[in-house]
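Written below as structure tokens is the structure these notes are about.
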Amino acid sequence: MLHFKKHSGIYTLETEQELKIPLEEAWDYFSSPENLANITPKSMGFNITSKVDKKAYQGQIITYKVSPVPFIKTNWVTEITQVKENDFFIDEQRFGPYKMWHHEHWFEELANGNTFMKDKISYKIPFGFLGHIAQAIFIKKQLKSIFEYRYITLEKMFNGK
């Protein structure tokens, strides 16, 4: 499931997915920043530029290079602001392409032993009215594409599809 909404000038994207792996395995995979490149489309030119030899922890700063549009690379800096092991972690943009970026990663163990995963991304586009136009014609489509790619990749990796 992929859902967008707008409120107070902020856009929210929510995704949900059930993974056929135990909660601990899901947490181990998703709390390791180096795995993010594996579930990001190659066309994004995503590259972590900081050392990330530890699982996500509160206060962790991660730097990236990313290409939101062809032939244009930009720096992106996020901070892991909250972590509750096997439950959730939150990353927030400190510098980058968005005016604001707040990404919540939620995990829940299901009765069948699988893991329910939910992402909630709240973001604000810079450039006022022009930013809203960019959201309508480009940014929303790009984010949808990124999270659809992620969904399909995770289905193949963990659900045998």
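FYI, it's all coordinate maths here, none of it is from the lab. Just so it is clear, the model here is predicted, and its values are computed rather than measured. In this analysis, Cβ positions are derived from the backbone assuming ideal geometry, glycine residues included, and neighbour counts consider all displayed protein chains.
Which ³J(HN,Hα) values, rounded to whole Hz and listed in residue order, are derived for segment 86-95 from phi using the Karplus coefficients 6.51, -1.76 and 1.60 in 6.51 cos²θ - 1.76 cosθ + 1.60 with θ = phi - 60°, glycine and proline given as x?
Taking θ as phi minus 60°, the curve returns 6, 10, 6, 8, 10, 10, 10, 5, 9, 9 Hz for segment 86-95.
Given a Förster distance of 25 angstrom, what is the FRET efficiency for residue 138 paired with residue 36, based on the Cβ-Cβ distance and rounded to 0.05? Can you show the working numbers first?
Details: r = 22 Å, r/R0 = 0.88.
For residue 138 and residue 36, the calculated efficiency is 0.70.
Past 18 Å, Cα to Cα, is the threshold; run 5/156; 5/65; 73/156; 54/156; 6/99 against it and keep the listed order. Let's see the in-between values first.
Details: 5/156 28 Å; 5/65 27 Å; 73/156 29 Å; 54/156 26 Å; 6/99 15 Å.
Among 5/156; 5/65; 73/156; 54/156; 6/99, the Cα-Cα distance tops 18 Å for 5/156; 5/65; 73/156; 54/156.
How about segment 87-146: which chymotrypsin sites (Phe, Trp or Tyr not before Pro) there are in a DSSP loop, with at most 13 other Cβ atoms within 10 Å of their Cβ?
On the way: sites: 88, 89, 95, 98, 101, 106, 107, 116, 123, 127, 129, 138; in loops: 98, 127.
Of the chymotrypsin sites (Phe, Trp or Tyr not before Pro), the ones in loops of segment 87-146 whose Cβ has at most 13 other Cβ atoms within 10 Å are 127.
Considering only the other residues whose Cβ falls under 13 Å of the Cβ of residue 33, what net charge follows from Lys and Arg at +1 and Asp and Glu at -1?
On the way: positive: 51, 54, 55; negative: 28, 34, 53, 79, 91.
Cβ neighbours under 13 Å give a net charge of -2.
Can you show me the helix-derived [θ] at 222 nm for the chain, built from DSSP H runs with n ≥ 4 at -39,500 (n - 2.57) apiece and divided by the number of residues, rounded to the nearest 500.
On the way: 3 runs with 35 residues, N = 161.
My calculation for the chain gives -6500 deg cm²/dmol from helical runs alone.
Could you state the number of Å between the C-alpha centres of segment 19-59 and segment 95-120?
Here the answer is 12 Å between Cα centres.
Of all alpha-carbon pairs in the chain, indicate the percentage at a distance above 27 angstrom. Display every interim value, and only then the final one.
On the way: 2821 of 12880 pairs.
It works out to 22 percent of all Cα pairs.
What net charge do the residues around residue 17 carry, taking every other residue with its C-beta under 10 Å from that of residue 17, with Lys and Arg at +1 and Asp and Glu at -1? Show your work: numbers first, answer last.
Numbers: positive: 118, 150; negative: 16, 18, 119, 155.
Computed value for this residue: -2.
Label points 7 Å out from Cα along the Cβ direction at residue 110 and residue 151: separation in nm?
A separation of 1.5 nm, rounded to one decimal place.
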